[in-house]
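For reference, the structure is listed below as structure tokens.
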Amino acid sequence: MNFVYSKKRVGDVSLNVVETESEEPTLVMLHGVTRRWQTFLPVISAFALRHKVMLVDFRGHGESDRAQGYAVTDYVDDICHLIHDHIPGPVALYGHSLGAMTVAGVAAKVGRQVSAIVMEDPPLQTMGTHIKSTPLLSYFTGVSELAGSTLRIGVLARQLADVKFHDPDSGMELRVGSTRDDAQLRFAASCLKRLDPAVFLPILQSQWLLGYNIDEVFSRLKCPSLLLQADCRAGGMLTEEDAQHVCDINADIARVRFPGVTHGIHWTASHQVLNTVLPFLESVR
């Protein structure tokens, strides 16, 4: 499988875009906060059988430009520009975490040009009004100090492993190294080296969702929409309350739960994701 690499201008920034060569309909894939396009390597080849896959580094991530704003609405605006200026015809969107929030926001704004969306474990209020009651606030605080590091990946991975974060519910203090293996730590470290530290500012200041109205976004979704829900007891970020709320707002959202599976469903349960998402995307061709 061959990749084509390019920089695409979207408003005031240029995004790093990686595409497969194909005449099939376009599927844009959007990663989570702190990550980059390579997070989707376990599933790209399967999606490329039936789509021209376009993988994007968000602003401030990977090889994309650094920017002034890093609220969810800033990422939404970038992808709306990308679709309007660089993608002819209908497009399907797949997003994980921040990417899931983004594809919902884009579909709500762009309308008919989006043929379908897949939302993998969007954090919704877990990274909004509820962030102070989760381990995420202390986790992002610790990890933010490593963003943009010039250390070698192996050294940075060891420092990442030693980052401690606090669970307000249990009162426990955990090490990042106790939640990921050494290979995962190296990949996370490689992403942090290419991350603008300013990405964390709106998250830590509880301003990440400023201007992103969850009820309005999900009520305006008109395209076929698939919601993949990880297990909060295993590290998922989409709570049962939030998932049920958006499904009550929009009864046309298809919801699939992944019991026992953590937040990065596409990484830890790749086969299950493909068995769910591929037939969904086929249903809208």
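The values are calculated or read from the model by the stated rules, or taken from the named source; none is laboratory data. None of these values were measured; they are calculated from a predicted model. Cβ placement follows ideal geometry from the backbone for every residue including glycine, while neighbour counts extend to all protein chains displayed. To get the accessible areas, we keep the full protein, side chains included, count just its heavy atoms, and leave off ligands, DNA and RNA. Shrake-Rupley method; radii C 1.70, N 1.55, O 1.52, S 1.80 Å.
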Net charge near Gly11 (other residues with Cβ under 15 Å of its Cβ; Lys, Arg +1; Asp, Glu -1) is 0
Cβ-placed point charges (K, R +1; D, E -1), dipole of the range 156-247 about Cα centre in debye, nearest 20: 520 debye
Cβ charges +1 (Lys, Arg) and -1 (Asp, Glu), total dipole of the chain, debye: 520 debye
Amide H within-cut-off set for Val10, under 5 Å, with H built and near neighbours excluded: Leu15
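If you build the Cα gyration tensor of the range 208-273 and take the root of 5 times each eigenvalue, what three semi-axes come out, in whole angstrom, biggest first?
Numbers: eigenvalues 98, 39, 23 Å².
Equivalent-ellipsoid dimensions as semi-axes: 22, 14, 11 Å.
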15 Å beta-carbon shell around Val199, net charge (K/R +1, D/E -1): -1
Can you pull out the GluC sites (Glu not before Pro) in the range 178-253 that DSSP calls coil and that have at most 10 other Cβ atoms within 10 Å? none
Per 5 Å bin, what is the whole-percent P(r) computed from every C-alpha pair distance within the range 107-159? 4, 14, 14, 13, 13, 14, 14, 9, 5, 1
Other residues with Cβ under 11 Å from the Cβ of Pro90 give, with Lys and Arg +1 and Asp and Glu -1, a net charge of +2
List, in order, the whole-Hz ³J(HN,Hα) value for each residue of the range 62-72 obtained from phi through the Karplus relation with A = 6.51, B = -1.76, C = 1.60 and θ = phi - 60°; use x for Gly and Pro. x, 9, 7, 5, 6, 9, 7, x, 9, 7, 4
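Grab the alpha carbons of the chain, take their convex hull, and tell me the volume per residue in Å³. The partial results should precede the final answer.
Working: hull volume 33.9 nm³, N = 285.
With only Cα atoms used, the chain gives 119 Å³ per residue.
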For Leu238, distant residues with modelled amide H under 5 Å away: Ala230
Say each of Asp162 and Arg50 gets a label point 7 Å from the Cα, pointing the same way as Cα to Cβ; how far apart are those two points in nm? 4.8 nm
Between Phe3 and residues 5 or more places away or on another chain, the pairs with built amide H atoms under 5 Å apart involve none
Point-charge dipole on Cβ atoms (K/R +1, D/E -1) for the range 30-173, about Cα centre, debye to 20: 340 debye
Can you work out the Karplus-derived ³J(HN,Hα) for every residue in the range 52-60? Use 6.51 cos²θ - 1.76 cosθ + 1.60 with θ = phi - 60°, whole Hz, and x for glycine or proline. 7, 8, 10, 10, 10, 7, 4, 3, x
Can you give me the Cα centroid spacing of the range 27-44 and the range 125-157 in angstrom? 19 Å
Along the positive direction of the dipole of the range 220-285 (beta-carbon charges: Lys, Arg +1; Asp, Glu -1; about the Cα centre), which of Thr268, Cys247, Val284 reaches farthest? Val284
Would you kindly derive the ³J(HN,Hα) couplings of the range 173-182 from the backbone phi angles with the Karplus curve 6.51 cos²θ - 1.76 cosθ + 1.60 (θ = phi - 60°), listing them in order in whole Hz, with x for Gly and Pro? 9, 10, 9, 4, x, 8, 10, 9, 7, 5
If you project the alpha carbons of the range 1-111 onto the principal axes, what extent comes out on each, in Å, largest first? 36, 28, 23
Efficiency by 1/(1 + (r/R0)^6): what FRET value for Tyr5 and Ala183, r their Cβ-Cβ distance, R0 = 22 Å, to the nearest 0.05? 0.35
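Based on DSSP H runs of at least 4 residues, each adding -39500 (n - 2.57), what is the mean residue ellipticity at 222 nm of the chain after dividing by all its residues, to the nearest 500 deg cm²/dmol? Present the calculation step by step, with values, prior to reporting the outcome.
On the way: 11 runs with 103 residues, N = 285.
Taken over the chain, the calculation gives -10500 deg cm²/dmol.
Show me 27-40, 268-281 ranked by packing, highest mean number of other Cβ atoms within 10 Å first. Walk me through the intermediate numbers first.
Details: 27-40: 24.4, 268-281: 16.6.
Final packing ranking: 27-40, 268-281.
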Here, Thr150 and Asn275, labelled 7 Å along Cα→Cβ, have an inter-label distance in nm of 4.9 nm
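Heavy atoms only, probe 1.4 Å: what % of the accessible area of the range 183-256 goes to carbon and sulfur, would you let me know?
Numbers: 1710 of 3390 Å².
In the range 183-256, the share of accessible area belonging to carbon and sulfur is 50 percent.
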